[in-house]
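Values quoted throughout were computed directly from the atomic coordinates according to the rules given, and no laboratory measurement underlies them. Quantities reported herein were computed from a predicted structural model and do not represent experimental measurements. For neighbour counting, all protein chains shown are included, and Cβ atoms are generated from backbone atoms with ideal geometry for every residue, glycine included.
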Amino acid sequence: MGITPKQFVLQRLKVVINKGKPIIGAGCSSGLIAKSAELAGADLIIVYSTGWSRLMGLPTIMFGDSNKVTLQMGKEIRLAVKDAPLIAGIAANDPLRRITEVLEEAVDVGFKGVINFPTVGIDRLTMPEDETLKLGFEKELKLIEDANQIGLFTMAYVFNQHEAKAMAAKGVDVVVAHMGWTTGGLVGAEADKVKKYEEATASTQEICQAAKKEKSDVILLAHGGSFTSAEDTKVLYEYTAAVGFVGASTIERIPVEKEVMETVRAFKNASLPERD
């Protein structure tokens, strides 16, 4: 009997950790970006429906049938990726289908794992926690529980110690401390509306400690906010127990914006020779 997708992914990640290297989860919304990310060493290729908005030149926003979009994007991306595990961003509060059906479809597409995204935790940035709980955090816990039961690798975005503890108690493999929308680039979040480094590292470490207390072997990563570059993650690794980073805008939006503009400027700055 072969190993489960969960075992397959965890074995790969343990090798990375044992080498003393950070785990990098790359949010990818096209085959080209996924292929490039894998060649550069990304450990996980994560597919989010919100990546569609980034490819359209918009801020990261959620619209349409999220799970349908993610699964369709996965069909394209799986053809471009050779070995890196594909992780599906699953909306647990899908109004159109049972979550078990979504998980079955994800497996059929070729996903090895799932992460709770879109997540109601994002709404907590603008409304009280007790209101967001009504919107479906319990469904996100059930998503992780169901995925674990069928042998999928599981990741969970969490925004506070309570969520970290609850997800760890459900047996999630990876807890990702979410520090809010990513700043930087052409359409990133306003810097004054996200946590600064000191607050973000302190918050991340609180989440890490809460998760570890509940599940000692949980893998700890971070995402978003003011962490927008590899240089920023040096602070993250120095002051928290996080062993890696998940990037979406930082992987497929900001670098593309920068490189395309620099390339076009270089072409534009060339001078034509004088002609008769």
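With +1 assigned to the C-beta of every Lys and Arg and -1 to the C-beta of every Asp and Glu, and no other charges, what is the dipole magnitude of the chain about the Cα centre in debye, to the nearest 20?
Computed charge dipole of the chain: roughly 560 debye.
From the phi of every residue in the stretch 235-241, what ³J(HN,Hα) in whole Hz does the Karplus formula 6.51 cos²θ - 1.76 cosθ + 1.60 yield, where θ is phi - 60° and glycine or proline is x?
5, 4, 6, 6, 10, 9, 8
Output the Cα-based Rg and Dmax of the stretch 1-95 in Å, rounding Rg to one decimal and Dmax to a whole number.
For the stretch 1-95, the Cα-based Rg and Dmax read 14.2, 45 Å.
Whose amide H sits under 5 Å from the amide H of residue 62, counting only residues 5 or more places off or on another chain, with H placed in the peptide plane?
Close amide H contacts, sequence-distant or interchain: none at all.
For the chain, which span is the longest to avoid every loop-located (per DSSP) member of trypsin sites (Lys or Arg not before Pro) having at most 16 other Cβ atoms inside 10 Å? If you can, show how the numbers build up before the last one.
Details: sites that count: 19, 82, 97, 98, 196, 275.
By the stated rule (loop sites, at most 16 other Cβ atoms within 10 Å), 99-195.
Can you pull a Stokes-Einstein diffusion coefficient for the stretch 211-259 at 20 °C (1.002 mPa s), Rh from Kirkwood over Cα pairs, as a whole number of µm²/s?
179 µm²/s
Determine the alpha carbon to alpha carbon distance for each of 6/234; 75/196; 14/170; 21/82 and list only those over 31 Å.
Violating the 31 Å limit, Cα to Cα: 75/196.
Fewest first, what order do 76, 238, 163, 38 take by the number of other Cβ atoms within 10 Å? Intermediate values should be presented prior to the final figure.
Details: 76 14, 238 8, 163 29, 38 20.
Fewest-to-most ranking of 76, 238, 163, 38: 238, 76, 38, 163.
Which net charge results when you count Lys and Arg as +1 and Asp and Glu as -1 among the other residues whose beta-carbon is under 12 Å from that of residue 60?
Value of the local net charge: +1.
Most exposed first by the Cβ proxy, i.e. fewest other Cβ within 10 Å, how do 108, 43 rank?
Details: 108 11, 43 21.
Placing the least packed residue first, the sequence is 108, 43.
Of all chymotrypsin sites (Phe, Trp or Tyr not before Pro) in the stretch 31-84, which ones are in loop regions per DSSP and have a Cβ with at most 14 other Cβ atoms within 10 Å?
Those satisfying the criteria are 63.
What aspartates and glutamates sit close enough to residue 139 to cross-link, taking a C-alpha to C-alpha distance under 19 Å and skipping anything fewer than 8 places away on the same chain?
The qualifying aspartates and glutamates are 65, 94, 101, 104, 105, 123, 129, 130, 131, 163, 173.
Need one number: nm distance between label points at residue 265 and residue 8, each 7 Å from Cα along Cα→Cβ, rounded to one decimal.
4.3 nm
If you work out Rg and Dmax of the Cα atoms in Å from the coordinates, which of (1) 17.2, 47; (2) 27.1, 95; (3) 18.9, 78 do you get?
(3)
Identify, among 95, 148, 226, the residue whose Cα sits farthest towards the positive end of the charge dipole of the chain, taking +1 on the Cβ of Lys and Arg and -1 on the Cβ of Asp and Glu, with the dipole about the Cα centre.
Checking the options against the dipole of the chain, the answer is 148.
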